[in-house]
1. Could you check region 16-30 and list, in sequence order, the residues that are out of contact with any Phe, Trp or Tyr (no Cβ under 9 Å at 6 or more places or on another chain) and either outside any helix (DSSP H, G or I) or in contact (Cβ under 8 Å) with a residue 12 or more places away in the chain (or both)?
2. Would you be able to tell me the number of residues in region 12-36 that are closer than 16 Å to SER64 by Cβ, open to solvent by 50 Å² or more (accessible area, probe 1.4 Å) and among the small types (Gly, Ala, Ser)?
3. Restricting attention to region 1-37, and to residues there that are among the aliphatic types (A, V, I, L, M) and over 14 Å from ASN80 (Cα atoms), which single residue is modelled with the lowest pLDDT?
4. What are the residues in region 67-84 that are without any contact (Cβ under 8 Å) to a residue 12 or more places away in the chain and either surrounded by 13 or more Cβ atoms within 10 Å (Cβ to Cβ) or more than 15 Å from TYR31 (Cα to Cα) (or both), if any?
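The values are calculated or read from the model by the stated rules, or taken from the named source; none is laboratory data. The structure presented is a predicted model; accordingly, all values stated were derived computationally and were not measured. Note that we place each Cβ from the backbone using ideal geometry, even for glycine, and neighbour counts take in every protein chain shown. Side chains included, ligands, DNA and RNA excluded: accessible areas come from the protein's heavy atoms. Shrake-Rupley method; radii C 1.70, N 1.55, O 1.52, S 1.80 Å.
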Amino acid sequence: MVTIEFEYLNYTEKFFEKHKNVKEKFENAMYSFYMGNKIDIKKMKGTKEPCYRVRLNDYRIIFSIKNGEIVVISTFLAGNRGEVYKKFKNLKG
């Protein structure tokens with residue numbers, strides 16, 4: 001069994017406070033992914049550090065993964081599809 005630790009930046013913490021069901025779906029999706037199930041995760045293009053996005057209905061969550069004995073999933077953007085990609089574009093550059 002993989003141990004997963006979640007880190008949320010302020011923006012995502014505020015988003016998940018308003019959308020508790022999305023946070024629960026995100027965490028369940030990550031556990032499911034590490035159990036070998038297929039979920040909709042894609043690698044984001046044009047970033048120095050590898051980061052990924054997961055699609056949950058109309059929402060997108062962008063995160064990075066730090067591997068070790070404990071997998072740390074650091075989430076830095078969450079929101080509806082158009083909003084997340086605009087903010088991500090501004091972040092990378």
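1. The one that is out of contact with any Phe, Trp or Tyr (no Cβ under 9 Å at 6 or more places or on another chain) and either outside any helix (DSSP H, G or I) or in contact (Cβ under 8 Å) with a residue 12 or more places away in the chain (or both): ALA29.
2. 0
3. Taking region 1-37 as the starting set, the residues that turn out to be among the aliphatic types (A, V, I, L, M) are 1-2, 4, 9, 22, 29-30, 35.
Keeping just the survivors that are over 14 Å from ASN80 (Cα atoms) gives 1-2, 4, 9, 29-30, 35.
Numbers: MET1: 66, VAL2: 77, ILE4: 90, LEU9: 90, ALA29: 94, MET30: 93, MET35: 90.
For region 1-37, the residue satisfying everything is MET1.
4. Initial filter on region 67-84 (without any contact (Cβ under 8 Å) to a residue 12 or more places away in the chain): 67-68, 82-83.
Result: GLY68, GLY82, GLU83.
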